[in-house]
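Here's the structure, in structure tokens; my notes come after.
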């Protein structure tokens with residue numbers, strides 16, 4: 001079942017909130033916050049368990065922060081549509097998994113929504129870091145908190161017990177924190193940094209999941225490492241280099 005009118009209604013409200021925030025300068029921040037909280041409350045009523053609420057609750061502010069870094073009006077509209085679709089599938093996946101924990105299609109939707117949510121936050125955090133001169137420790141904290149919460153939620157959805165989920169999430173968080181610190185010296189834009197960080201996160205997440213499912217092999221490790229190196233090299237070669245001041 002891919003169509004739920006209650007989730008569709010919330011997704012439309014979510015998109016409307018983004019559209020209004022982007023197009024009306026007089027739109028009060030507090031109104032936006034209250035509206036977002038009401039949407040998150042609606043998600044909680046649908047998905048049931050708090051752990052299925054984590055991803056949509058993270059996506060809502062992350063999409064708003066990234067929206068304000070997009071200058072083009074047409075690109076803002078496309079972005080609003082895109083994140084609304086991501087929001088819909090994140091909530092739908094949570095609802096379906098709450099009905100049946102072994103729903104593989106729902107898990108796939110949830111994992112894809114996790115990747116999109118992380119990209120929003122990674123791009124937004126680094127974009128604001130470059131634009132308003134946030135301290136590097138603040139950037140690391142933001143990346144670490146978001147990485148931990150999304151990792152813990154995704155491991156839970158993939159039926160890894162709480163103790164192991166906590167350990168694996170801490171490992172991924174430390175990996176991302178170290179990556180962010182290194183990338184703070186790189187002369188690239190925020191989108192380039194976000195994509196590379198996301199690739200590193202996904203490779204680490206995939207290896208952990210393979211290890212837990214006891215499907216990890218030397219071949220799979222080599223493939224993931226080669227994928228990581230190849231992807232990063234291609235992105236860096238095609239990215240615009242900015243002067244370091």
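Here, each number is a calculation from the coordinates, and none is a lab measurement. Remember, it's a predicted structure, so these values are computed and weren't measured experimentally. Glycine also receives a Cβ, built like all others from the backbone with ideal geometry; neighbour counts cover every protein chain displayed.
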### Query
What's the FRET efficiency of residue 85 with residue 170 using the Cβ-Cβ distance as r and R₀ = 41 Å, to the nearest 0.05?
0.85
### Where labels lie 7 Å past Cα in the beta-carbon direction, separation of residue 98 and residue 44 in nm
1.1 nm
#### Entry: Cα radius of gyration and Dmax for region 41-196 (Å)
15.8, 47
### Summary
Using alpha-carbon coordinates alone, the radius of gyration and Dmax of region 111-227 in Å work out to 14.4, 45
#### Entry: Value of relative contact order over region 5-238, rounded to a whole percent, pairs C-alpha under 8 Å and six or more apart
17 percent
### Task
Express the Stokes-Einstein translational diffusion coefficient of region 82-150 in µm² s⁻¹, to the nearest whole number, given a Kirkwood radius over alpha-carbon pairs, 20 °C and a viscosity of 1.002 mPa s.
161 µm²/s
### Message
Which residue fluctuates most in the GNM of the chain (Cα springs below 10 Å): 166, 234, 139?
### Response
234
#### Entry: Relative packing of peptides 85-93, 62-70, 8-16 - highest average C-beta neighbours within 10 Å first
85-93, 62-70, 8-16
### Task
Between 107, 164, 215, find the one with the highest GNM mean-square fluctuation for the chain; connect C-alpha pairs within less than 10 Å.
215
### Geometric extent, Cα atoms of region 184-245 - Rg, Dmax (angstrom)
14.3, 47
